[in-house]
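Enquirer: Pasting in a structure now, in structure tokens, and then I'll have a few things to ask.
The values are calculated or read from the model by the stated rules, or taken from the named source; none is laboratory data. A quick note: this is a predicted structure, and the numbers were derived from the prediction, not measured. Neighbour counts are summed over all protein chains in view; Cβ atoms, including those assigned to glycine, are modelled from backbone coordinates with ideal geometry. What goes into the accessible areas is simple: the full protein's heavy atoms, side chains included, and nothing from ligands, DNA or RNA. Shrake-Rupley method; radii C 1.70, N 1.55, O 1.52, S 1.80 Å.
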Amino acid sequence: MRTLNHGPLSKGPWGKCPVYGNYRDAAAVSDGGFTLLELVIVMVIIGIAVGIILPRLPDISGLETDRGVRKLELLIKLTRDRAITLRRYYRLDFDLDQSVVTASYFGPEDKYIPDEDVRTLRLPEQMKIVDVVTAGEGKKNEGIGKIHLSPRGIVEPSIIHVGDRKGRILSIRPEMLSGVVRLEDGYVELSAQ
């Protein structure tokens, strides 16, 4: 049995512990590691720190760009579905200077009216709409680019190019008849669909 010859517990009438034999051995056993409670507290503190710091870090992996592209894809699909369901002509307006996309429908006064039921999409600040290419207007890289959708679900042949700060270019191409949105890496030219 190990003995310690220092400290207040080495001598006196209180030297026997019912579990470990004497208090000196009990102190030696409890100093060997961390308790489960201490480990849980440290993990909670680390989790809170990561939860606070991680959202403030710059976009390292392009996740924010991918999320913006997916939102744009969903907006195109939603607008096509609304055109079919409501039997209206719709138009997607791409503000190339502000990287904002809005949906509008052809109203009774022979003009397009913003659809208040479809939220305006503002792309993340690290994303930019490079250009919008359509069969009707050609390539638009400033101002407002427009894509038309018919009540039968036909999408004007078009392609949207978006880029991020890292120079990555993505091409978003809605299929004319099916409305399926194709996503391709790199700058893809508009071709006959």
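Enquirer: Counting only residues that are without any contact (Cβ under 8 Å) to a residue 40 or more places away in the chain, over 17 Å from Met127 (Cα atoms) and surrounded by fewer than 16 Cβ atoms within 10 Å (Cβ to Cβ), how many does the range 180-193 have?
Expert: Here the count works out to 5.
Enquirer: Assess whether Asp110 counts as being at pLDDT below 95 and open to solvent by 70 Å² or more (accessible area, probe 1.4 Å).
Expert: Working: at pLDDT below 95: yes; open to solvent by 70 Å² or more (accessible area, probe 1.4 Å): yes.
Here the answer is yes, as Asp110 does meet what is asked.
Enquirer: Considering the range 151-179 alone, what residues qualify as being touching a helix residue (DSSP H, G or I) at 6+ places or on another chain (Cβ under 9 Å) and surrounded by fewer than 13 Cβ atoms within 10 Å (Cβ to Cβ)?
Expert: Arg152, Lys166
Enquirer: Of the residues that sit in the range 61-91 and are open to solvent by less than 80 Å² (accessible area, probe 1.4 Å) and over 19 Å from Ser150 (Cα atoms), which one is modelled with the lowest pLDDT?
Expert: Only one residue tops the list, namely Ser61.
Enquirer: While we're looking at this one, here's another question. Right, Gly32: in a loop (DSSP other than H, G, I, E, B) and either open to solvent by less than 40 Å² (accessible area, probe 1.4 Å) or modelled with pLDDT under 90 (or both) or not?
Expert: yes
Enquirer: For the range 49-58, does any single residue satisfy the condition of being modelled with pLDDT of 55 or more, closer than 30 Å to Val132 by Cα and part of a loop (DSSP other than H, G, I, E, B)?
Expert: Yes, the range 49-58 contains a residue that is modelled with pLDDT of 55 or more, closer than 30 Å to Val132 by Cα and part of a loop (DSSP other than H, G, I, E, B).
Enquirer: While we're here: Taking Thr79, is it in contact (Cβ under 8 Å) with a residue 40 or more places away in the chain and of a type in the set (S, T, N, Q)?
Expert: So Thr79 fits the description; yes.
Enquirer: Let me spell it out: the conditions are (1) open to solvent by 20 Å² or more (accessible area, probe 1.4 Å); (2) in a strand (DSSP E or B); (3) farther than 14 Å from Leu96 by Cα, and Lys139 meets all of them except one. Which number is the exception?
Expert: All conditions pass for Lys139, except number (3).
This table checks each residue for (1) assigned to a loop (DSSP other than H, G, I, E, B); (2) in contact with a Gly (Cβ under 9 Å, 6 or more places away or on another chain).
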{"position": "Gln98", "(1), (2)": "yes, no"}
{"position": "Glu116", "(1), (2)": "yes, no"}
{"position": "Arg152", "(1), (2)": "yes, no"}
{"position": "Ser171", "(1), (2)": "no, yes"}
{"position": "Glu184", "(1), (2)": "no, no"}
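Enquirer: Right, something else. Would you mention how many residues in the range 154-169 are part of a strand (DSSP E or B) and farther than 22 Å from Gly62 by Cα?
Expert: Of the residues in that region, 2 qualify.
Enquirer: Also, quick follow-up: Which residues, taken from the range 91-109, are within 24 Å of Gly138 (Cα to Cα) and more than 27 Å from the chain's Cα centre (by Cα)?
Expert: Listed by number, the residues that qualify are Tyr105, Phe106.
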